[in-house]
Amino acid sequence: MSKKTASSNSIADTLVDLLTPSDGTFDLADVALVLAAHDTPNTDLNSYRTHLKSLYDAVEETAGQMTLDDTNPAPSDMAEALSKVIAGTFRYRGDEENYDDLDNANLMRVIDRRKGLPVALGILYIAAARSQGWNVAGLNFPGHFLVRLESLDGNRVIIDPFHEGQILETPALRDLLKVVTGPTEELESRHYSPVSDRDILVRLQNNVKTRRLDLGQMEEALETLKSMQLLMPDSSALCRETGFLHLRLGQVSEALSALEDYLNRAPQGPERSRIDTVVKDLKQRIH
């Protein structure tokens, strides 16, 4: 077994351990760091964990200086404390100049460079808010990851981690939606829906995969897809995508296995019928 394969397996094992605690919860930022370590598996993550702890401590200190309500802080106050620390003290920004840079989706590189994609920066805001016990969630907003903060009495604000944690009111959200999806799109309740931590990490890794494919790094993109499958093991769509990437790489047996997994998970429909035909063709090619 090569050193690279052994390291990849070790990271996969670590991910499985982190994703399956007995209470069903996991540390979002820590899992993102382990995913980031895939390219440099010998990296010591302790310095990055120490940095995150410093960030969380700074949020706690800032919240104390602002005299936030300990039992029910206002969402706007939470947003201000997070922005003061993450965008102010630690100077995190969205990378507008080199948005498609692969480093922008790697949490280690984001920490090193203090800039990244909305979802990578959003993970920092979510983790920092959770460190204070605040109610926070990522949102199912298309094309631009957003974060929601909520008080115990149901008041909410939505912040943009890419733009220094600024609060977005409804008109700004409507304008942003039209920018990322087109002028005919209108705000709907689904755009405010919270997403799970696994969804957030899949969104992060999807950015990594897309950039790898754009760079022609198909083997690396396949490894990223495998990490996404660890996050969403029951996803038929990921099985299908993995199968076709194996095919692009000329790995017919592996493609067949992945597409058979797709058939075991996918609902009946035209796409499933199409993949069934592909699987039969692959079996003939192998035998």
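The values are calculated or read from the model by the stated rules, or taken from the named source; none is laboratory data. Since we're looking at a predicted model, the values are computed, not measured. Note: ideal-geometry Cβ built from the backbone for every residue, glycine included; neighbour counts use all protein chains shown.
Observations on the structure shown:
- Candidate set from the stretch 174-194 (those that are at pLDDT below 95 and within 18 Å of Ala137 (Cα to Cα)); member that is surrounded by the most Cβ atoms within 10 Å (Cβ to Cβ): His191
- Options Arg274, Arg248, Arg265; residue that is over 27 Å from the mean Cα position of the chain (by Cα), on the phi < 0 side of the Ramachandran plot and surrounded by fewer than 17 Cβ atoms within 10 Å (Cβ to Cβ): Arg274
- In the stretch 99-117, the residues that are under 12 Å from Val208 (Cβ atoms) form Cβ pairs under 6 Å with partners that are in a loop (DSSP other than H, G, I, E, B) and of a type in the set (A, V, I, L, M), at six or more places apart or across chains, as follows: Asn104/Leu117; Ala105/Leu117.
- Residue count, the stretch 126-139 (criterion: under 20 Å from Tyr99 (Cβ atoms) and surrounded by fewer than 16 Cβ atoms within 10 Å (Cβ to Cβ)): 0
- Within the stretch 104-115, the only residue that satisfies the criterion of being more than 16 Å from Val202 (Cα to Cα), surrounded by 21 or more Cβ atoms within 10 Å (Cβ to Cβ) and not aliphatic (A, V, I, L, M) is Lys115.
- Taking the listed residues Leu187, Leu256, Leu247, Leu282, the one that is farther than 29 Å from Leu107 by Cα, among the aliphatic types (A, V, I, L, M) and assigned by TED's automatic domain parsing to the domain that holds Leu19 is Leu187, with no other qualifying.
- For the stretch 32-69, taking the residues that are of a type in the set (Val, Ile, Thr) and at pLDDT 95 or above, the one that is surrounded by the most Cβ atoms within 10 Å (Cβ to Cβ) is identified as Val59.
- Residue match in the stretch 140-163 (condition: surrounded by fewer than 23 Cβ atoms within 10 Å (Cβ to Cβ), touching a strand residue (DSSP E or B) at 6+ places or on another chain (Cβ under 7 Å) and under 16 Å from Asn206 (Cβ atoms)): yes
- The residue that is nearest to Asn155 (Cα to Cα), counting only those in the stretch 76-102 that are buried (at least 19 other Cβ atoms within 10 Å of the Cβ) and within 21 Å of the chain's Cα centre (by Cα), is Ala79.
- Cβ-Cβ contacts under 6 Å between residues 6 or more apart (or on different chains), taken from a first residue in the stretch 28-44 that is outside the structural domain of Ser131 (by TED's automatic domain parsing) to a second residue that is modelled with pLDDT under 80 and in a loop (DSSP other than H, G, I, E, B), are absent.
- Out of Val119, Val136, one residue alone is in contact with a strand residue (DSSP E or B) (Cβ under 9 Å, 6 or more places away or on another chain), more than 20 Å from Asn206 (Cβ to Cβ) and either outside any loop (DSSP other than H, G, I, E, B) or not assigned by TED's automatic domain parsing to the domain that holds Asp30 (or both). It is Val136.
- Inspection of the stretch 82-96 finds a residue satisfying the criterion of being β-branched (Val, Ile, Thr) and in contact (Cβ under 8 Å) with a residue 40 or more places away in the chain.
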